[in-house]
Amino acid sequence: MALFLIHALWTPITLVFFVLIARPRANPLADVADALHTGISTRGGKLVLGAGLLITGANFFECLFEPWLASALGYDLTAWVRSVEGDLVERWQAVVPLALVPLLGWFYLSGYLAGLLAPAVVWTVQRDHRAIATLVFAYGANYVLALPFYLFFPVQEVGWSTLSQAVPLMDTVWPGIAGQTRVGSGLDNCFPSLHVSMTCTAFAVALRHGPATLRWLAGAVAVGTGWVVVALGIHWALDVAAGVPFGFLCAFVGATVARRYSR
């Protein structure tokens, strides 16, 4: 219930706030309404929504299939990741005041999602079709290119790995919410961090297509996401380090595909 309320209430509010930052002279409510109407009423919008549903369905199927594959593989690379970075996550958490955990949880659950949607809203109302196409293809590339890692490079989330004293901090504020977030994500789908790669993808596309306010917003969301996922005990620092170039690579793939299929 807590997760549902956060997404139903705070994610839309955060999205409107982010759109206001990206387009300070426009009406953010009107912008979001315009983007939503375009998404459900145009052929291109319906294709994008359909692709999103397809990826979501594939993701749930992968989560059902993954335990069997993990058992068949017979190996786990979490200990190797731990040996590379040591106790960095524990030391990271040691400097995080518990009073900040609700704010970090909001950013992880709502700020991240709103940060991915805000560029799409901005470019939809600006009718920048090349930017939207690049973003859509780049987001899709994140899932497609990350899938082999999640299937064949299993790494357990740091707070659940038993190899670290770091803990999933969100559970200290909202008991059980970490389990709710696991519905669409396996505990060993950790390397690279898709949260970090997706936000870096949005930042990379914003660098190319602007406006300047959106570049600053996307950059702040990317940096904040990288900091938060480690502070909350969700990702290893190595996951974050790998997610940054991975996100920029996916942005390049998205731009390449968009140029080829610009219509």
Tell me yes or no: at least one residue of region 138-146 is surrounded by fewer than 19 Cβ atoms within 10 Å (Cβ to Cβ) and closer than 13 Å to residue 236 by Cα. no
Residue 228 vs (1) crowded, with 17+ Cβ neighbours inside 10 Å; (2) touching a Leu at 6+ places or on another chain (Cβ under 9 Å); (3) touching a residue at least 40 places away in the same chain (Cβ under 8 Å); (4) more than 21 Å from residue 98 (Cβ to Cβ): all pass except (4)
Within region 131-168, residues touching a residue at least 60 places away in the same chain (Cβ under 8 Å) and among the hydroxyl-bearing types (Ser, Thr, Tyr) come out as 134, 139, 143, 150, 161, 164
Of all helices (runs of 4 or more DSSP H) fully inside region 137-250, the set with 3 or more residues that are over 30 Å from residue 74 (Cα atoms) is 170-173, 194-209, 212-231
Residue pairs qualifying under the 6 Å Cβ cut-off, at least six apart or on distinct chains, with the first in region 59-74 being of a type outside the set (A, V, I, L, M, F, W, C) and the second being modelled with pLDDT under 75 and part of a helix (DSSP H, G or I), are 59/184
If we take region 1-99, then helices (runs of 4 or more DSSP H) inside it with 1 or more residues that are surrounded by 10 or more Cβ atoms within 10 Å (Cβ to Cβ) and more than 22 Å from the chain's Cα centre (by Cα) are 28-41, 43-73, 78-85, 88-94
Checked region 114-131 for anything crowded, with 19+ Cβ neighbours inside 10 Å, in contact with a His (Cβ under 9 Å, 6 or more places away or on another chain) and either over 16 Å from residue 219 (Cα atoms) or at pLDDT below 95 (or both); matches are 123, 131
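The values are calculated or read from the model by the stated rules, or taken from the named source; none is laboratory data. Not measured: the values here are computed from a predicted model. Using ideal geometry, Cβ is built from the backbone for each residue, glycine included, and neighbour counts are taken over all protein chains shown.
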